[in-house]
Each structure stands twice: as C-alpha cells, then as structure tokens.
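S.K.: I'd like to ask some things about the structure below.
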C-alpha cells in the first residue's frame, strides 16, 4: 500500500529564504516596472525575441545594474535565485552589452571567461550566446554540429558578426594550440582577429592548467569579467582543486593590475543554491576569498516550493516494483512531459528498459552514455519525440528543458541541494507543473523535514540542527555528503532516548 501525501503549493513573491543579512551587502528584490531591454543594443533585442523573452525579471534588472556600469569600479557579485528565474541572462546581457558598446574592443584578448561544470552546459550556454549574437559566425572555436543545428532552428534574424565566442577544449598539447590564445601570448601580440574570442566558455578542468601557469599570465590580463555558473557545484566535491587553481591565477592578476595599469576583474558567482551549512560551506568559501562581494538574491532563493511548482505528491513505498507500477500508471493516465530521476546510470537504464516493456516510450540521460547519444536523447525530449526522459542528476543542473510538466523522483535525492535542483526542472520560465517524490519508510523522518519547510515556504525546521544552529536553518541539510545522513542519525538517537 502506498502512503500518499499531496502538497498544494501557494506561491509567493515574498517567500523567505535561507540567505539572510548575515551576508552583509545584500540586494533584496521587489517587482519593478523598469525594462532595461528597451535600452539594449538592437542585436540583443532581436536575440531575446528569438528566445521568446520579452521583459526582464527584477532579479535580472538588479544584476544588470551591477555588471553593466562601465564607468566605475565593479564589486564582485554572488547572484542567487531560484531555478528557472533567468540567471544566465542576468549576467550574459550586461556582459554582451558592454562588448557591443566598447569603442575600441580588443582584437586579441578575451575579456570574459565563463566557467561551467560540464560540456553539456558549455554547449547550452554557447547556443544562447549565438542566438543573442545573431550569427553562427560568432563561434570561433568549439561549437558542436548539434549546437549549430539548434542555432539554425532558432529563427533569429541574421546579423553580421559583432562579438566572438569560443569553447576551450581539453587535452591541449600547448596552450597556443587553441587559436584564440595565440595572439595574446605572442611577442608582440599579433592580430588574429578572425580567431579571437571575446567570450570564452570553459570547464574547471580545461581552464585551470592554463591560468595556473604563470607563463600564461597575459591571458588573464585582459579579462574584465570572470563568471562561475552553478557555483555551488563548482565549489564542492571534485571541482574544488581546479577552482582553487583558477582563483590563484586571477589572484596574481589582481595583485599586478595596479602596478601594470590593467583593469581589475569582476568575479561573479551564480547559482540557484549557495549552501551555508558550516565552516566548509560554499558560502563560507566565497566569504573568505571575496569578503567584499555583494549579494543579489531572488525573493524565492532556497525556497522549498518555487513559484512554478503547483504541487508535490509524496509517496511512501519501499518496493521498487510497486514504485515502477505506480509510475507506469501515471505515465499512461496522461501525456504529461515527464522528467524521471534515478540515482545511478545503471538504475536509469533498468527503468528505461522496464518502461519500454510496458509500452511506455522513454529515453535515458546519464554520464555513462556517449556525448552524442546524450545530446540526441535530450533533443528528442525537448522536441517531444518522447514524453519521458529518465535521468540522473546530470539533467538536474542548469539544463534548460522547456515544457516539463512533471518531475518524478523514483529514487529520492541524497541531499536538499539535489532535491531542489530536481524539482526545479518543472515550472520554469513562467510555466507550471507538479512533482512526485517516492521515498522509503527509513526516510520518513527526513521527509518530514522537507514537509515542515514546505509549510514555512523555506528550508527551515523548528529548533536547532545538531545543537549548533540558533536560527533554525537546515544548514547541515545542504551538505552533499552529510545532509540527510546526519539528520537521520540524530533522529535514530532521539528514538532510542539518547
């Protein structure tokens, strides 16, 4: 028997968040009638129309004012807002506007570097930039055939090349093998303007060996803006060492910029979650490295129920077979576009096979698949070639998949951050959708933590967490490794009367 608990979600633009005034300088957002889109370069206006974006959010408006102010020293920024709130455009639009407005743009130095966790997000970001540029000719390196096909389907009004973008590949034998770097490192600089990249997209593993090498310092000198997108993922786990190397490389530039008369670099951290669960948290890392950074926060950041989510249905069930039967019933009752999450690639493949055997068409998405197959499956799902995509958390981060009407967690996420990103795939960009979460009896106490948070419209619990949280935040629940496990141990001790 299932235990079903449905949560109806009342959205509110004034939902509380876990991010508070403890961060110092923080911009709290209210709705605004200002539409800075009207003042953008016509090229960007046409690109926004092709992306079906007609007006900015208040979050984007505030971020724009912090990044586009070319006449004064810029503060480092932490941009945090709920999933689907337009964070990518919040930094892209002012960066590209600055490029287009520059009277004497560099012919050989990159002015913006954007770091994302993986290749999929690199290509997605590249697609957005090419649509905003109006031409595929803006890509000087690293555009895949699939991304070019996406651009050609965008319907954007064609334009002449006005700024350039490249994706930094891995496995270079020499940094000069990457053509956009050649001119900046040559003595004297040579004009390779046809290959020059104004905007460079990279992953931590591809960029860190380049900027860490002091011989490549010139590559950093022209960089005015350094963006870390999905910063909570980048500053945790396996990316952290590479991230430290990147920051070290730019710290050298910062120390030398005054002596050499070079402009400083504005560093921007962007994410839907900025965990602050303790001294080793992502937030603490940023505060130590960038103590003067300003915070720009969306009103629903870290909210347990984001604005596009109409309901969450919680189903307690320990048997996998019963869970799968319930999912099959849901998928055959309606034709909702559904993203279904599992916790491993093997589980994804098994579920896809089981659904197919029951007549439900489904596609797989996980890291073990070849890149081309992942892309093809994702595109089929985007274009409604299949109503169901079964995925690991590889599809929970940053990927923009329009039209998802339902998210199902067949296997529950291992921490609050993953939970928020999974349910954040539905109800994006003003659309609405619902979520279904399966959990086992051993996880019931942890479900109650989230349920309490839903009722309060934020991730909080009454009382402390392990006795070290005076304000009642579920900070430990934001730990990828410890979040739910630590709370579970405490609940077990309480049950034993310890």
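None of the figures in this text is laboratory data; all of them are computed from the coordinates on show. Just so it is clear, the model here is predicted, and its values are computed rather than measured. Cβ atoms come from the backbone with ideal geometry, glycine included; neighbour counts cover every protein chain shown.
S.K.: When the Kirkwood hydrodynamic radius is evaluated over all pairs of different C-alpha atoms of the range 354-418, what value in angstrom, to one decimal, is obtained?
M.R.: Across the range 354-418, the inverse of the average 1/r is 12.8 Å.
S.K.: Please compute the modelled spin-label separation between residue 159 and residue 177, points set 7 Å along Cα→Cβ, answer in nm with one decimal.
M.R.: So the two model labels end up 3.4 nm from each other.
S.K.: In addition: By average Cβ neighbour count within 10 Å, what is the ranking of 399-410, 414-425, 318-329 from highest down?
M.R.: Output ranking for 399-410, 414-425, 318-329: 414-425, 399-410, 318-329.
S.K.: Report the Cα-based extents of the range 110-253 along its three principal axes, largest first, to the nearest Å.
M.R.: Here the Cα extents, ordered largest to smallest, are 42, 40, 27 Å.
S.K.: Points 7 angstrom from Cα along the Cβ direction at residue 346 and residue 244: gap in nanometres?
M.R.: Taking the simple label geometry, residue 346 and residue 244 are separated by 3.3 nm.
S.K.: Residue 292 versus residue 152, label points 7 Å from Cα toward the beta carbon: distance in nm?
M.R.: For residue 292 paired with residue 152, the spin-label model returns 4.9 nm.
S.K.: Provide the gained length on full extension for the span residue 318 to residue 280, in nm with one decimal, where the gain is 0.36 nm per separating residue minus the Cα-Cα distance. Walk me through the numbers before you get to the answer.
M.R.: Details: separation 38, 0.36 × 38 = 13.68 nm, distance 3.40 nm.
Gain on stretching residue 318 to residue 280: 10.3 nm.
S.K.: Quick one: plug the Kirkwood hydrodynamic radius of the range 121-173 (C-alpha pairs) into Stokes-Einstein at 10 °C, 1.306 mPa s, and report D in µm²/s. Spell out each step's value before the answer.
M.R.: Details: Rh = 11.2 Å.
My calculation gives 141 µm²/s for D.
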